[in-house]
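Read-outs throughout are calculated quantities, based only on the coordinates presented, and are distinct from any laboratory measurement. No experiment lies behind these values; they were computed from the predicted model shown. Note that each Cβ is placed from the backbone with ideal geometry, even for glycine, and that neighbours are counted across all protein chains shown.
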2 protein chains.
Amino acid sequence: MERLTLVKVGGKIVEEEDSLSCLLRDFVDIPGYKALVHGGGRLATQLAGRLGVECRIVDGRRITDMETLRIITMVYAGLVNKNIVAGLQALGVNALGLTGADMNLIRSDKRPVKDIDYGYVGDVKEVDARLLAFLIGQGAVPVLAPVTHDGQGLLLNTNADTIAGETAKALAVDFDVTLIYCFEKKGVLLDEGDEDSVIESLDRATFERYAEQGVVRGGMIPKLENAFAAIDAGVRQVIITNTSGIRSNAGTHIY
Amino acid sequence: MERLTLVKVGGKIVEEEDSLSCLLRDFVDIPGYKALVHGGGRLATQLAGRLGVECRIVDGRRITDMETLRIITMVYAGLVNKNIVAGLQALGVNALGLTGADMNLIRSDKRPVKDIDYGYVGDVKEVDARLLAFLIGQGAVPVLAPVTHDGQGLLLNTNADTIAGETAKALAVDFDVTLIYCFEKKGVLLDEGDEDSVIESLDRATFERYAEQGVVRGGMIPKLENAFAAIDAGVRQVIITNTSGIRSNAGTHIY
């Protein structure tokens with residue numbers, strides 16, 4: 001199978017012109033087939049602020065009312081996505097911007113209301129990567145915005161990490177997939193206070209021991225659970241790193 | 001060659017939920033391959049108003065400064081485009097939302113400054129419909145937003161009528177194309193005061209006679225020039241009509 005690298009980048013990187021153009025250059029140099037998943041969080045928060053729409057965040061998660069959903073659709077699927085696409089085209093990459101609604105790529109269910117009503121937030125249900133895999137084979141480079149649909153006409157705000165993981169799994173049918181999660185640190189750290197204490201490789205047994213010992217904790221646990229789920233579903237490796245890790249291949253490698 | 005119908009709808013139709021859902025149902029019933037080009041003008045004007053961004057219109061054309069370009073990208077490529085895509089998916093149509101930057105579909109040049117500086121407005125230079133034609137053959141239904149790119153990383157606001165005409169021409173290589181321009185009137189009128197005086201069919205000789213006589217005038221002349229240019233470039237017919245003409249096949253037919 002041909003190699004495909006799927007890179008997920010967070011909001012911080014895409015919201016500043018300098019860091020974005022740096023990222024795009026690194027992304028362009030990745031050999032083989034590739035795809036990009038982006039966030040765009042704070043740009044949406046900024047627009048909401050200018051429009052006088054209150055952003056409600058509970059436990060680090062945005063509550064998406066209808067007005068916020070419209071803002072997210074404008075910022076993620078419009079402004080951020082199309083500027084990345086135009087930027088990649090300028091670098092000779094045949095980018096194609098997509099949401100989960102396009103080509104029915106990612107269907108999700110509106111999250112059921114339990115303790116918290118998250119509003120118009122989607123939990124991924126099904127990824128149909130058939131047409132996407134074909135397009136990649138034709139040289140197209142998908143750029144995915146974190147918006148999906150419920151198949152009934154409703155767009156839904158969806159976690160970009162989840163979109164990256166689920167898309168990587170779906171593409172693993174046709175490609176030898178490496179999934180790179182780019183965030184602000186160099187990788188999973190052995191010691192949170194030491195930025196250079198990157199765990200170079202991690203298998204499930206070691207992860208479970210670290211989790212029990214409290215070496216790995218907090219938000220890193222669901223991130224790593226997702227990574228191992230991707231591996232179990234046929235993704236060859238997951239790398240957790242910062243943007244410079246795209247080029248240097250440094251970071252935490254999960255097999 | 002297989003038949004393909006390309007429908008262009010103006011801003012008014014897409015900006016209200018009722019007229020949009022009506023349009024989408026009519027569009028879905030079109031037999032054969034199809035594609036949609038949309039505007040979204042007044043929704044962009046509304047957002048600009050809420051953001052306190054002044055909209056400058058000269059001779060009926062919007063002056064697109066950088067702030068306006070960002071708004072247009074958000075509204076046209078994000079909000080309007082993705083809601084149409086999700087709406088069509090709910091009706092069982094495998095819609096795929098695109099700008100001219102996606103798959104390098106439509107390259108344009110920033111309009112040169114002569115008497116008026118239109119700002120970030122693109123004049124279409126080249127349509128590459130190769131991948132698009134293939135996708136249509138695979139069952140995808142393109143939904144095009146009126147935003148293109150210059151190939152250097154810049155998005156450009158582009159007239160939706162022009163995008164429809166140029167895309168129709170490019171698709172005429174692979175398909176037997178009918179281009180439908182939907183606007184607020186039933187067709188080209190013999191008498192502007194009589195909404196029912198629709199000219200049923202029009203060839204170039206008759207058009208030129210009508211133009212000389214002043215029967216056809218104003219903004220209708222460039223619209224018809226575009227229509228005849230499309231015919232000359234291999235588009236089978238152009239129909240100028242209102243939304244109910246999509247279903248009834250009424251309106252002005254140009255051969």
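Miscellaneous remarks
- Using a 7 Å projection from Cα along Cα-to-Cβ, the label point at A:Gly139 is separated from the same position in the remaining copies by 2.6 nm, smallest value first.
- Measuring r between the beta carbons of B:Lys125 and B:Asp196 and using R0 = 41 Å, the FRET efficiency lands at 0.55.
- Cut-off 13 Å between beta-carbons: net charge of the residues surrounding A:Tyr118, Lys and Arg +1, Asp and Glu -1: 0
- Antiparallel DSSP beta bridges within the range B:35-162, as percent of all bridges there, nearest 5: 55
- Low-density loop positions, trypsin sites (Lys or Arg not before Pro), the range A:139-225 - DSSP coil, at most 11 other Cβ in 10 Å: A:Arg217
- Amide hydrogen proximity for A:Val177: with H placed 1.01 Å from N in the peptide plane, the residues at 5 or more positions away or on another chain lying under 5 Å are A:Leu4, A:Arg236.
- Net charge of Cβ neighbours under 14 Å - reference A:Leu154; Lys, Arg +1; Asp, Glu -1: +1
- Amide proton proximity set for B:Glu126, modelled H, under 5 Å, gap of 5+: B:Arg107
- Closest-to-axis residue of chain A (Cβ criterion, axis taking A to B), whole Å: A:Gly78, 1
- For the range A:143-255, the relative contact order comes to 32 percent (Cα pairs under 8 Å, sequence separation of at least 6).
- A point 7 Å from Cα along Cα→Cβ stands in for A:Asp232, and the other copies hold the same point at 6.4 nm, listed in rising order.
- In chain B, the DSSP-assigned H stretches of four residues or longer account for a calculated mean residue ellipticity at 222 nm of -10500 deg cm²/dmol, using -39500 (n - 2.57) per stretch and the full residue count as denominator.
- Summary for A:Gly193: label point 7 Å along Cα→Cβ; distances to the equivalent points in the other copies, ascending, 8.9 nm.
- With at most 11 other Cβ atoms within 10 Å, longest stretch of chain B clear of loop GluC sites (Glu not before Pro) (DSSP): B:55-183
- With N the number of residues in the range B:134-255, Rg(Cα) / (2.2 N^0.38 Å) evaluates to 1.14.
- With a cut-off of 13 Å on the backbone N, the residues of the range A:173-202 near the modelled label site 7 Å out from A:Arg217 along Cα-Cβ are A:191-193.
- Mean Cα-pair separation over length for the range B:132-205, i.e. relative contact order, pairs under 8 Å, 6 or more apart, %: 15
- Equivalent ellipsoid, chain B (semi-axes from 5 times Cα gyration tensor eigenvalues, Å): 26, 23, 19
- Take every Cα pair under 8 Å whose residues are at least 6 apart in sequence, average their separation, divide by the length of chain B, and the relative contact order is 21 percent.
- Translational diffusion coefficient (Stokes-Einstein; Kirkwood radius from C-alpha pairs) of the range B:35-162 at 20 °C, 1.002 mPa s, in µm²/s: 142
- Taking A:Lys114, A:Lys125 and counting other C-beta atoms within 10 Å, the order from fewest to most: A:Lys114, A:Lys125
- For residues of A:70-77, the mean tally of beta carbons on other chains within 10 Å: 6
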